[in-house]
Amino acid sequence: MTTQNPSQAQSGLVATLGRWDLTTLVVNTVIGGGIFGLPMLVAGLVGTSSLLAYIAAAAGIGIIVFCFAEVSAQFRSAGGPYLYAREAFGPFVGLQVGWVTWLMRISAMGANANLFVMYLGTFWTPAQTGVVRWTIITALFAIPTIINVRGVKQGASTSNLLVAAKLVPLLVFVGVGLFFLRPGNFTSWSSGHGHWLRPVLLLIFAFGGFDNAVLPASEMRDPSKDTPFALLAGMAVVTVVYLLIQLVFQGTVPAGTATAQPLATAAEHFLGKPGAWLMAVGAMVSVWGWFAATMLGTPRLTFALGEHGDFPRIFAAVHPRFRTPYVSILLYAGLGWVLALSGSFEWNASLSAVARLLTYGTTCAALPVFRQRNPSATVFRAPAGYLMPGLGAAFCVILLTQMGRLEFVVLAATVLLAAATWFWSRRFFIPSDQ
């Protein structure tokens, strides 16, 4: 079954995204600011076993990515996990997933914006305080918002350009750092405290975000073939880069080093001060690239909610000149800006990871539903039969046990708000597709 929603033909959006646009969108969204801030946190929790934590997170995410590759190949309308849940389990569950996905993307914006300011502080200390911080975060949101309102192709071109710009400093870091590894540095880290699930949960923030690439399906030329390729190829690149980054960090920085900028600190050990500056610039470019990618993908979620009558129709508005969902873009940017100003990197990262697990687990659960509806569909198939979605859902449930009280409260409030929205929409709207 390839779901061809009638709204696609009537949406007014332009199908212009190709296979490589989507692949770079995956890499650009996943490699954001997280990898510039997490190596120290992970090493502090599990020490010399940190590479195993990365492998565990990559394996769990890999299972989920295979499930996404199969499910996303069957849809040609915008919405991603929200649309999958809606088609598999009905409008109520779909709306819950839509709200949680939105929370995930907004909190990720908050985390990355704070990391940008943190690394800018390497050059300019006032960047982290007061009106200067407010101005920087505002500009960080405003520029990609304007670019994406003006056209999807402009947004995709910006994302593609910034992928290359963000990978260069990371490849320099890995390529040079591998020659300066010292076994003594790596073994100086303790074996950790056995808190395996916590670092894996944090790494879900670093490995997550690939779902952003499936959101603008209405603007893809051939999603049935291009999304599976983009998801699998993009995540393979990300996994290799992440493992090498953690290896270089722990092999060049001895235990006991206090830093909130782990890659800059590591680069300073083997490249001196210019190395620290290079990684600080790399972190800022990486965050900027992530913003370009998320501004391209995530607003299509609220656009889809508006299309289906689960949000007010204004969210499905298309700009008469630029043919973009400008209301959804502006709303997403505005809420992310508020969360960026009010929260820290680690809290936003944890909240985003917890929200991701709910949306990812629901998509894994939806896969068997679509297989049973159309077992002969000629689309990409995840290997290992029904074992793959079962393992993916179990992985998400296990990690959800690691959420803190505040994350639970925010997540519960989001679910309740989604339920209230559902009842409201059923009272005042008759969805166009029902």
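The values are calculated or read from the model by the stated rules, or taken from the named source; none is laboratory data. Predicted model only: the values in this text are computed from it and were never measured. Cβ coordinates were reconstructed from backbone atoms using ideal geometry, including for glycine residues, and neighbour counts include every protein chain displayed.
Computed quantities for the displayed model
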item	result
Segment 372-389, residues that are without any contact (Cβ under 8 Å) to a residue 12 or more places away in the chain and in a helix (DSSP H, G or I)	372, 387
Filter pass, residue 29 being within 16 Å of the chain's Cα centre (by Cα) and among the β-branched types (Val, Ile, Thr)	yes
Positions within segment 357-386 being touching a Phe, Trp or Tyr at 6+ places or on another chain (Cβ under 7 Å), farther than 18 Å from residue 229 by Cα and of a type in the set (A, V, I, L, M, F, W, C), in sequence order	366
Helices (runs of 4 or more DSSP H) wholly inside segment 118-200 containing at least 2 residues that are farther than 25 Å from residue 264 by Cβ, touching a Lys or Arg at 6+ places or on another chain (Cβ under 8 Å) and modelled with pLDDT of 90 or more	none
Meets criteria (in contact (Cβ under 8 Å) with a residue 40 or more places away in the chain and aliphatic (A, V, I, L, M)) for residue 78	yes
Matching residues in segment 201-231 - criterion: being of a type in the set (Phe, Trp, Tyr) and either under 20 Å from residue 98 (Cβ atoms) or modelled with pLDDT under 80 (or both)	205, 210
Pair list, Cβ < 7 Å and 6+ apart or interchain, from segment 126-140 residues that are under 21 Å from residue 334 (Cβ atoms) to residues that are of a type in the set (Val, Ile, Thr)	133/117; 136/117; 137/117
Leading residue by the ranking (modelled with the lowest pLDDT) among those in segment 398-412 that are surrounded by 12 or more Cβ atoms within 10 Å (Cβ to Cβ) and part of a helix (DSSP H, G or I)	407
Condition check for residue 324: under 26 Å from residue 208 (Cα atoms), surrounded by fewer than 19 Cβ atoms within 10 Å (Cβ to Cβ) and modelled with pLDDT under 85	no
Residue check, residue 222 within 19 Å of the chain's Cα centre (by Cα) and among the acidic types (Asp, Glu)	no
Residue within segment 269-287 that is closer than 30 Å to residue 409 by Cα, modelled with pLDDT under 85 and touching a Ser or Thr at 6+ places or on another chain (Cβ under 8 Å) present	no
Condition met for residue 365 (on the phi < 0 side of the Ramachandran plot, small (Gly, Ala, Ser), at pLDDT 85 or above and touching a Pro at 6+ places or on another chain (Cβ under 8 Å))	yes
Residue satisfying all of: in segment 31-52; hydrophobic (A, V, I, L, M, F, W, C), closer than 19 Å to residue 259 by Cβ and touching a Gly at 6+ places or on another chain (Cβ under 9 Å); surrounded by the most Cβ atoms within 10 Å (Cβ to Cβ) among these	36
Per-region count, segment 287-326, residues of a type in the set (A, V, I, L, M) and either within 19 Å of residue 109 (Cα to Cα) or not in a helix (DSSP H, G or I) (or both)	8
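Listed here are the residues, each with its yes/no results for (1) modelled with pLDDT of 75 or more; (2) in contact with a strand residue (DSSP E or B) (Cβ under 9 Å, 6 or more places away or on another chain); (3) surrounded by 16 or more Cβ atoms within 10 Å (Cβ to Cβ).
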{"position": "350", "(1), (2), (3)": "no, no, yes"}
{"position": "356", "(1), (2), (3)": "yes, no, yes"}
{"position": "393", "(1), (2), (3)": "yes, no, yes"}
{"position": "425", "(1), (2), (3)": "no, no, yes"}
{"position": "433", "(1), (2), (3)": "no, no, no"}
